[in-house]
Amino acid sequence: MKYHRAEALARHREVIFRKESDTMYNSYESPFCTRYASEEMQYLFSADKKFRTWRKLWIALARAEHRLGLPITEEQIKELEAHAEDINYEVAEEREKLVRHDVMSHVYAYGVQCPNAKGIIHLGATSCYVGDNTDIIIMREALQVVRRKVINVIANLAKFADQYKNLPCLAYTHLQPAQLTTVGKRATLWINELLYDLDELEYRIGNLRLLGSKGTTGTQASFMELFEGDTQKIRQMDAYICEEMGFDGVVPVSGQTYSRKIDAGVVATLSGIAQSASKFSNDLRILQNFKEMEEPFEKNQIGSSAMPYKRNPMRSERITSLARYVMVDSLNPAFTAATQWFERTLDDSANKRIAVAEAFLGIDAILGILLNVTADLVVYPKVVTARVMKELPFMATENIMMQAVKKGGDRQELHERLRQHSQAAAAVVKEQGGENDLIDRVCADPLFNLTKEEILAEMQPIHFVGRAPQQVEEFLAECVKPILDANAGILGESASLKV
């Protein structure tokens with residue numbers, strides 16, 4: 001199987017290159033293919049992957065029907081297996097020009113290669129047997145790729161959180177300085193949202209079921225004819241197909257298609273990952289403006305065509321941009337699910353093949369950038385600390401008041417005086433552009449009876465972060481480490497970006 005996938009990928013690249021050389025500059029090309037998504041994800045949604053899966057499903061159907069006593073021979077199945085990979089695309093394309101039906105064109109092309117088996121290919125099935133089952137198979141494989149990459153992003157951020165768990169930084173509410181947290185604690189917030197996404201991924205992967213072979217309106221009437229009314233054999237046929245394709249079961253009931261709510265749920269899960277990624281990228285863009293943190297910046301990278309000094313957060317901006325696309329795209333499968341009439345309508349088809357594929361390609365692109373950025377996040381501890389110290393005097397007023405009370409001061413008087421000094425110091429900062437001189441004002445006020453040394457001794461940033469360092473340690477040990485340990489074999493993934 002690995003050999004066939006590598007061979008198919010090589011053939012896929014060759015076709016892409018040939019097309020690019022002919023039409024690179026005079027026809028539309030999706031940026032997902034040329035700039036953003038990985039070759040791995042692109043192949044999963046390629047025509048080659050789809051049509052190879054169709055042939056596997058036809059073989060599974062024939063084998064199940066053979067096992068259950070229909071007049072299909074081992075020789076016919078072996079003939080189908082012999083041509084499972086070498087698809088005669090030219091024949092299928094020519095046939096489709098004539099009959100205008102993609103499934104029947106490929107049935108015909110397969111039959112040309114398998115003359116002894118051509119009469120039993122697709123026996124009893126409708127187009128959705130290959131179409132819908134293939135969609136489920138591809139979505140499951142694509143979700144597993146997404147899962148792998150999410151776990152690797154979590155691993156990168158976990159390492160970062162542990163490294164900076166003790167570095168105090170400003171925390172913000174309403175984008176205004178609040179109390180202190182630590183750089184590592186903030187990273188756990190990013191991780192935690194990805195853990196919610198991972199739970200969703202696990203649920204989707206674990207609960208995907210094949211359509212099976214349900215017939216034109218979901219009643220399996222054609223198979224009742226083939227199996228002369230033997231219901232148990234029809235149920236067993238679906239079980240055999242599931243076993244061969246690596247699934248636990250089929251959907252319990254359906255019309256001609258599986259419920260499009262499945263697509264809506266899967267893409268909603270991808271939208272959730274986009275939400276988490278956008279939250280991270282927006283935080284990082286703001287922190288880069290504060291000069292506290294930066295995304296990686298390559299030695300020869302150009303930040304601006306007009307301003308040579310700039311280091312724009314282009315990777316984070318790309319995450320934000322792509323995330324917006326995926327989040328909005330999640331509406332497409334929702335509307336499709338809501339407007340399916342009775343047992344089937346075809347208004348899902350064109351929308352579905354674009355919306356679902358592009359949601360996966362978009363998330364794949366986002367995760368590639370996240371892998372790249374989180375592997376080499378840059379922190380400037382001196383800037384982080386300097387920004388803390390500009391605000392810390394205001395945050396330390398309660399501690400200063402308690403120190404003065406211990407020396408015999410009146411709490412209410414001290415509170416009022418601190419309010420006055422804080423407003424005066426804030427005016428110096430905001431109106432004059434000066435430094436925060438609150439501590440100097442307090443030291444000069446005899447009501448407090450405190451020296452600067454006494455105040456500064458208490459004004460250590462680490463004293464104001466609460467349990468942030470311990471929260472990081474507990475979170476990583478209890479919530480993250482078990483996941484990373486269980487998935488040790490897939491860790492270590494990295495990603496390089498196209499322009």
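Annotations for the structure displayed:
- Taking residues in segment 247-267 that are touching a residue at least 12 places away in the same chain (Cβ under 8 Å), and partners anywhere that are basic (K, R), the pairs with Cβ atoms closer than 6 Å and at least 6 places apart or on different chains are G249/R209; V250/R209; V251/R209; S254/K214; G255/R344; Q256/R344; T257/R344; V266/R204.
- Within segment 246-290, being part of a loop (DSSP other than H, G, I, E, B), under 24 Å from the mean Cα position of the chain (by Cα) and polar (S, T, N, Q) holds for one residue alone: S259.
- One residue alone among E453, E493, E474, E478 is farther than 30 Å from K159 by Cβ and charged (D, E, K, R), and that residue is E453.
- Considering (1) crowded, with 20+ Cβ neighbours inside 10 Å; (2) in contact with a Cys (Cβ under 9 Å, 6 or more places away or on another chain), the lone condition that T385 does not fulfil carries the number (1).
- Meets criteria (at pLDDT 90 or above, over 23 Å from N133 (Cβ atoms) and not assigned by TED's automatic domain parsing to the domain that holds D102) for Y325: yes
- Of all residues in segment 191-213, those satisfying the criterion of being under 20 Å from S254 (Cβ atoms) and buried (at least 23 other Cβ atoms within 10 Å of the Cβ) are L210, L211, G212, S213.
Here is a yes/no grid of residues against (1) polar (S, T, N, Q); (2) in contact (Cβ under 8 Å) with a residue 60 or more places away in the chain:
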| site | (1), (2) |
| --- | --- |
| V146 | no, yes |
| N152 | yes, yes |
| C169 | no, yes |
| Q176 | yes, no |
| V183 | no, yes |
| N192 | yes, yes |
| G212 | no, yes |
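- Pairs linking a residue in segment 220-240 that is crowded, with 16+ Cβ neighbours inside 10 Å to a residue that is part of a helix (DSSP H, G or I) and small (G, A, S), with Cβ atoms under 6 Å and 6 or more positions apart or on different chains, are M237/A64; Y240/A64.
- Segment 394-410, residues that are closer than 14 Å to I462 by Cα and surrounded by 17 or more Cβ atoms within 10 Å (Cβ to Cβ): M395, A396
- The set of residues from segment 168-178 being surrounded by 15 or more Cβ atoms within 10 Å (Cβ to Cβ) and modelled with pLDDT under 95 comprises just one member, P177.
- Set E454, E478, E474, E493: member being surrounded by fewer than 17 Cβ atoms within 10 Å (Cβ to Cβ) and either assigned by TED's automatic domain parsing to the domain that holds Q403 or touching a His at 6+ places or on another chain (Cβ under 6 Å) (or both): E454
- Subset of segment 315-353 [under 20 Å from the mean Cα position of the chain (by Cα) and without any contact (Cβ under 8 Å) to a residue 12 or more places away in the chain]: S321, V328, L331, R353
- The residue list I462, I439, I490 contains one member that is of a type in the set (V, I, T) and either at positive phi or at pLDDT below 90 (or both), which is I439.
- Boolean, K430 is of a type outside the set (S, T, N, Q), over 22 Å from G466 (Cβ atoms) and either in contact with a helix residue (DSSP H, G or I) (Cβ under 9 Å, 6 or more places away or on another chain) or surrounded by 12 or more Cβ atoms within 10 Å (Cβ to Cβ) (or both): no
- Being surrounded by fewer than 20 Cβ atoms within 10 Å (Cβ to Cβ) and either not polar (S, T, N, Q) or not in a helix (DSSP H, G or I) (or both) is true of T216.
The values are calculated or read from the model by the stated rules, or taken from the named source; none is laboratory data. Just so we're clear, the structure is a prediction, and the values are computed from it rather than from any experiment. All Cβ positions, even for glycine, are placed from backbone atoms using ideal geometry, and neighbour counts span all protein chains on display.
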